[in-house]
Each structure stands twice: as structure tokens, then as C-alpha cells.
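Comments concern the structure below.
The values are calculated or read from the model by the stated rules, or taken from the named source; none is laboratory data. Not measured: the values here are computed from a predicted model. Please note: Cβ atoms are built from the backbone with ideal geometry, for glycine as well, and neighbour counts cover all protein chains shown. For accessibility, only protein heavy atoms count, side chains too; no ligands or nucleic acids. Shrake-Rupley method; radii C 1.70, N 1.55, O 1.52, S 1.80 Å.
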Amino acid sequence: MIPYARQWIDEDDIAAVVDVLRSDWLTTGPKVEEFEGALAQVAETRHAVTFSSGTAALHGMMHALEIGPGDEVLVPAMTFAASANCIVYQGGRPIFVDVEPETLLLDVADAARKITPRTRAILAVDYAGQPCDYDPLSALAHRHNLALLADACHSLGGSYRSRPVGSLALMSAFSFHPVKHVAAGEGGAVTTNDAELAERLRRFRNHGIATDHRERERRGSWHYEMIQLGFNYRLSDLHCALGISQLAKLRPGLERRREIAARYDESFKASSEIHPLSVRPDLEHAYHLYVARVANREAVYNSLRASGIGVNVHYLPVHLHPFYQARFGTGKGLCPVAEAAAEEVLSLPLYPKMSDQVVAQVVDAVTIAPERCGAPHFSSFARKVANGPRLSSPSM
Ligand SMILES: *Cc1c(COP(=O)(O)O)cnc(C)c1O
């Protein structure tokens, strides 16, 4: 099976982890600071705080903002459940916002409509690796005194109007899960320019204790105080060493992802059954995923899987998960654009080590699949999108 995503691990990555195994520090040692420094450099922010996962990083952001019962946070429906779960961890209420049909990114106008006196923050999600439209989002957040946050788990290395992802919101969360750009096994981080928030994030990941073990070692003091309730959300030196080594491959990995995406765009340009998402012209897409809308998606998905092409679907809209329906009374009709898209999206295989030959094999299989699955039957909504004008040439 050709996977939809796959990590890129070389001998130097392996050596970096083995070096840590031979060192004095397996966790919260020098590699944590080094990885955080390297991440802050990529994001062009003053601070980066690592966490044990992207989900823990998202939780950290909600805690740092002191989201609590009675607070509402706007989040797009078309995302991984963790984007909304982090709000619920804090006792807050996620308010699901619809997405734009051509990009599946948060619809700023719908976000504006859903602001209430209880709204505290907007969590934008850079779906598939395309940065959201941050300038109008920042303006909206500013107007209503809301915090603008980013779930940038798909978009490390991307940029918006020449500003790097990680610097586009008050705080931005990243994931180092193996399918993401930097694979550390597990791991996450938050980038920010705000020193006070960075301090809160650091305490939160370490039980709410004011100093970490290494700091106390340096001072030669055993004394510590827990000043708030926190978790053990630390990322180990083993993971950070792998992350540092992986970060060196970020640029070549992104270049290869963009090359493959351009090949896909070109190949499906003439197709009436396969519609790649649009890309706005003022940004650099990080292509965590290559998503196209296809007619007759379930049949196409099954047919491609049966022929060894590991396509995937991202995502079932979060408000349709049974947990959200039961807890918050959400359901069909809340975000119609996301719901229609969810019936048609297909993520094609995309990873840096994918060869040209495998790309060609996927193109061939995907091109003939809708035909093999019978007449295309797009929803009326999708037909409108398919016939409508493109925002820009999707290849960049
Ligand atoms: C991967 C991902 C997460 C969670 O990251 P983990 O490291 O797996 O916890 C959160 N949000 C989005 C959009 C993701 O893709």
C-alpha cells in the first residue's frame, strides 16, 4: 500500500537519538532548549515551548489564556477533533465555524456572525498546510478584543504575506507526529512573542512548578514550589534530538511536497471529476495534505484502497462526532459547507520521499477511478464550486 503520509528518517536522525541515549539527560536536558531555539528561529518568534504532543500544546494555549466555564472559542468545523477538544479540557465551549468552499479554511464572515459577549478567542486551523487569511482574522479579533490563536499542526514552514507560520497569531501550536513535517515520534510546541504566556506554558507542562529540574540543578537547590495546577506534558531530550535533526530537513521536504502538489494540480486540471482545493496567491502552502474534492467519494476511496493507493479522508466535521452531538447538541446543518465538503474530500498520498514513479502511479489510478466507479454524482453544492472561478492557479 502506498501510504498517504510517511516520515523521512535518515541515519543522521538515528545517530542524534543514540547520542542522547549515551548522554546524561534523557529528558529536560540541553536538547529541549536547543529544539525550542531552532523552532523559534523557523517561526521568527521570541519563544517556543515544547510539549509532549500537539494536543498538549493546544491544551497549553487554552490554559495560558485562562479559558474556562462560560467562555466560547471559535474553531472551524473542518479539522481534527483535538482542535476543539482543547477548549473542552478547560471547561470552555467550542463554537463551530464554517469554512470557505474553495480552500476549506475558516470563513471569516461566519466567524464574525458567531461572536457573542462570551467569545474569548478564535482558533484558526491551517487546513492541509495552507495558512488562513490572518490579516482579516487579526482585524476581527482586534475589533472584538479576542485572542487569535493558530492550530498550525499542518503548516510548519509555510508563510502568509512573507510572514512565517508560527508568528501569525498570539500563540501557534505545532505537532511532531510522524505524519507531520517534523517527525519526533510524538511531540508538539507553541510559539509566541509574549514572554508571560511562554512562562505560563512552561509551568503548565511541568505540573505547574515554577522551575524545572535542570534549572534547580544549575542553582544547586532542591527547593521548588507548585504555583498552579499543571500536567506532565514535557517532551524528552530523545524526542527533541530527533526533532532538531528532522528540522534540518524541513526546507527540502517542503520543496518536494510542493513539487508533488504541482504535479497533481497539473494532472487534474482538465478533469471534471477531481477538483483540487484552491490556493490563495499571497502565501506559501506547506502541503501537509494534498486534498481534492471528488465525485462519488466513497466508491473512489474504496476502489483506490483496493488497488493499493492509501488515500485518506480529512475530516469528519468535528461537530458531527457523537461526543459533540451529545455534549453540546451540535448536529447536521450547523456548518453546511464543511458538511458538504466532508462527503467529497480525498487526501492523496504525499510525502517527501515519494518517487516520481509513485506519483505517476497515483495520478493514473486517481484519474481513472471516478470512471470505474460509475457516473459521477457531485452534490449540487460541489457542482457550483467546480464550475465557479478558481481563486488562483492551485499550483504555485
Ligand atoms: C495532528 C494534529 C493535531 C494533534 O497533534 P498530536 O501531536 O497528534 O497530538 C491537532 N490538530 C491538527 C489539525 C492536527 O493535524
So, in Å, what gap is there between the alpha-carbon centers of region 179-218 and region 260-280? 39 Å
DSSP loop (so not H, G, I, E, B), at most 16 other Cβ within 10 Å: list which trypsin sites (Lys or Arg not before Pro) in region 1-75 pass both filters. R22, R46
DSSP beta bridges in the chain, what fraction antiparallel, as a percent rounded to 5? 60 percent
Rounded to the nearest whole Å³, what is the per residue volume of the convex hull around the Cα atoms of region 1-121? 175 Å³
Enumerate the whole-percent occupancy of each 20 Å bin, from 0 to the last occupied one, for all C-alpha pair distances of the chain. 28, 56, 15, 1
Name the residues whose placed amide hydrogens come within less than 5 Å of the amide hydrogen of A147, ignoring near sequence neighbours (fewer than 5 apart) on the same chain. A121, I122
Convert each backbone phi in region 139-147 into a coupling constant with the Karplus relation 6.51 cos²θ - 1.76 cosθ + 1.60 (shift: θ = phi - 60°), then list the ³J(HN,Hα) values in order as whole Hz, x for Gly and Pro. 4, 4, 4, 4, 4, 9, 6, 10, 7
Added length on full extension, which subtracts the Cα-Cα distance from 0.36 nm per residue, L316 to N145: 58.5 nm
Residues meeting the amide H criterion for A169 (H placed from the backbone, H to H distance under 5 Å, 5 or more places apart or on another chain) are none
Sorted on mean Cβ neighbours within 10 Å (highest first), peptides 64-73, 11-20 come out as 64-73, 11-20
Which FRET efficiency value, to the nearest 0.05, is calculated for A15 and E259 with the Förster distance at 30 angstrom and r the Cβ-Cβ distance? 0.60
At most 14 other Cβ within 10 Å, DSSP loop - trypsin sites (Lys or Arg not before Pro), region 215-300: K269
Rounding to the nearest 20 debye, state how big the charge dipole of the chain is about its Cα centre with +1 on each Lys and Arg Cβ and -1 on each Asp and Glu Cβ. 540 debye
Loop-resident chymotrypsin sites (Phe, Trp or Tyr not before Pro) in region 224-330 with no more than 15 other Cβ atoms inside 10 Å, DSSP not H/G/I/E/B, are Y224
q = 0.15, 0.17, 0.28, 0.32 Å⁻¹, region 81-126: log10 I(q)/I(0) [Debye, one scatterer per Cα]: -0.40, -0.51, -1.15, -1.29
Given only helices, namely DSSP H runs of n ≥ 4 each adding -39500 (n - 2.57), what is the per-residue ellipticity at 222 nm of the chain, to the nearest 500 deg cm²/dmol? -11500 deg cm²/dmol
Short version: ³J(HN,Hα) in whole Hz for each residue of region 74-81, in order, from phi by Karplus 6.51 cos²θ - 1.76 cosθ + 1.60 (θ = phi - 60°), x for Gly and Pro, what are they? 7, 8, x, 6, 8, 7, 6, 3
Whole-number accessible area per residue in Å² for region 1-125, which is evaluated in the context of all protein chains at 1.4 Å: 40 Å²
From the square roots a ≥ b ≥ c of the eigenvalues of the alpha-carbon gyration tensor of region 141-238, which class results: rounded (a/c under 1.5), prolate (a/b over b/c), or oblate? oblate
Interchain or sequence-distant (5+) residues whose placed amide H lies within less than 5 Å of the amide H of T27 are D237
³J(HN,Hα) across region 216-222 via Karplus (A = 6.51, B = -1.76, C = 1.60, θ = phi - 60°), whole Hz, x for Gly/Pro? 5, 4, 4, 7, x, 10, 8
